[in-house]
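Visitor: Here it is, the structure, as structure tokens.
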Amino acid sequence: NGSGGGSSRRKPDVENGVLYHAHSSINENNSKKQVQKAFSLSANNVSSSSSSPSSDQVHSSPKKKRKRRVSSWYHHVAGQIPAVMLICILNLMFSIPFGVSYFPIGWRVDDNASVSNGGDSSGNDDEVNGVFPIPGKEALGIRMFLFSAMMGQIVFTFASKFKNPASCQMIENVPFCHSLAYIVIAEQGYGLEALSTLFFLFGLSSVLVGAAFYLLGRLELGRVIYFFPGHVLLGCISGIGIFVIVTAIEVTTNETFSFDMEGVKGCIENFNLLGVVVLFEVVLRLLVSFTKDKGKPRFPLLPPIYFCLITPIFYLVLSLIGVPFSAAEEAGYFFPSPDICNPNDDEGCEGQTIFSSIFNEDV
């Protein structure tokens, strides 16, 4: 805004200032380059000095590496033991209710059934009431569950991309086996022929389902599931849930259940057995609800650990209230024994354990 003369007088100052700032910036850049060069030289000196260890370090490095390798392997194995033990306990506990419910509850192992061995069924296909052709029905179901879990775990361990895969038999196998059993019993009765046909159909269907799933993954056709309406999938899942509820009631009461007054009456008569299940479930829900942090579970391992503690807690309560185990077994609080021996025989049941019964070749 000044006069021309003033601007002409200030122009050299401006030019000098610009020249000064440009000169100082050049000096600053040069100094930065020198500092970076000095740091790079010092880093090279450090790396060269560290890359030339002494003779003692050369001789001790293989030992240290071996110790580090053994230590890391030890810590890795030790860190996996709790998870492996938890999965094993869960599979062993899951195998008991699954083993009992693998076959229809009406296909009984005692002589209370109205249809003799090898007889024909009559009436509705779902009304199964006959004698199981071989002893150890529960042991047979437990073996089926454990075999499926072990085969799945072997495949997951060596072929899965997950770091810690855990295998467990799917609950969908149980209602599928029931449906096949109803068809086979309606055609062949309750004899050994029906049981062998059931195993053949169950094994063949397992192979076909495995081949179908392998092809879906190999051909990258996993999205074919989206072609099914959501209501169909929701109905399938809901049906599995209803089956689980019905099977749980039947396994707990050891009686068939139906959605009518007879089924309600049976639940009321056996409420002493169902009440224990309801009590454990209510306690678990309360613990999960009270331990939530901002709507999220604070202890994710609470449900499986609680599930593993059900058996010892039940035994502890029986001891505290002074109820003999034999009386609790007669009242139906325990699953039927998987022993296939006959106590009335001369040999008796000496030396028979649950593992010897499960893996007995006679089953």
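Quick note: the coordinates plus some simple rules give every number you see, no bench work behind them. It should be emphasised that the depicted structure is a prediction, and the values quoted were computed from it without experimental measurement. As a convention, Cβ positions derive from the backbone with ideal geometry for all residues, glycine included, and neighbour counts pool all protein chains shown.
Visitor: Do any chymotrypsin sites (Phe, Trp or Tyr not before Pro) in region 214-267 lie in a DSSP loop with no more than 16 other beta carbon atoms within 10 Å, and if so, which? Walk me through the intermediate numbers first.
Guide: Working: sites: 214, 226, 227, 243, 257, 259; in loops: 257, 259.
Sparse-neighbourhood loop chymotrypsin sites (Phe, Trp or Tyr not before Pro): 259.
Visitor: Going highest first, how would you order 314-326, 297-309, 175-187 by mean Cβ packing within 10 Å? Don't jump to the answer; show the numbers that get you there.
Guide: Numbers: 314-326: 10.8, 297-309: 12.8, 175-187: 18.5.
Averaged packing, sorted descending, gives the order 175-187, 297-309, 314-326.
Visitor: Next question. Hey, got a sec? Which GluC sites (Glu not before Pro) in region 217-301 land in a DSSP loop and have at most 11 other Cβ atoms within 10 Å? Before the final figure, lay out the partial values.
Guide: Working: sites: 220, 250, 255, 262, 269, 281; in loops: 220, 255.
Of the GluC sites (Glu not before Pro), the ones in loops of region 217-301 whose Cβ has at most 11 other Cβ atoms within 10 Å are 220.
Visitor: Could you tell me which residue out of 200, 283, 227 lies farthest along the dipole of region 198-288 toward its positive end? Charges go on the beta carbon: Lys and Arg +1, Asp and Glu -1, centred on the Cα centre.
Guide: Checked the options; the winner is 227.
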